[in-house]
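In what follows, a single structure is set out as structure tokens and then discussed.
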Amino acid sequence: MIDFELTDYQKEIQQRAREFAQKELLPTVIERDINETYDMGLVKKLGESGLIGLQFDPKYGGHGNDYLAFVLVVEELCKVDSAFGISYAISSTFTTGVDTFGSE
């Protein structure tokens, strides 16, 4: 039998991402969309909240957790601001290639 229940850690990450999206993205999402701007300050805040690098080895600055936690963050960000959520997903996906196939 397969258990599809999220772990406590995954639930916590999902909630943190949801709160970040509501607090940091929602207030300016329409304005940023209309003006076609991308606020790098939001990326910095996302990093400060501990939601970047979830799936990467701690020796490279990551958190050493699973990809499902990463996907949960993407999902929560995209619910509020799909452009921001997808840019987060793409940047992390690129880094995955370096993490998987790169060498010291």
### Task
Report the local net charge at residue 39: Lys and Arg +1, Asp and Glu -1, summed over other residues whose C-beta lies under 15 Å from its C-beta.
-2
### Where labels lie 7 Å past Cα in the beta-carbon direction, separation of residue 82 and residue 37 in nm
2.3 nm
### Message
Can you divide the C-alpha Rg of the range 24-87 by 2.2 N^0.38 Å and report the result to two decimal places?
### Response
1.19
### Task
Could you calculate the contour length gain from residue 90 to residue 19, that is, 0.36 nm times the residue separation minus the distance between their Cα atoms, to one decimal place in nm?
23.4 nm
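Only the coordinates and a few stated rules stand behind these numbers; no lab work does. All of these numbers come straight from a predicted model, not from anything done at the bench. A quick note on method: Cβ atoms are made from the backbone with ideal geometry, for glycine too, and the neighbour counts reach across all protein chains shown.
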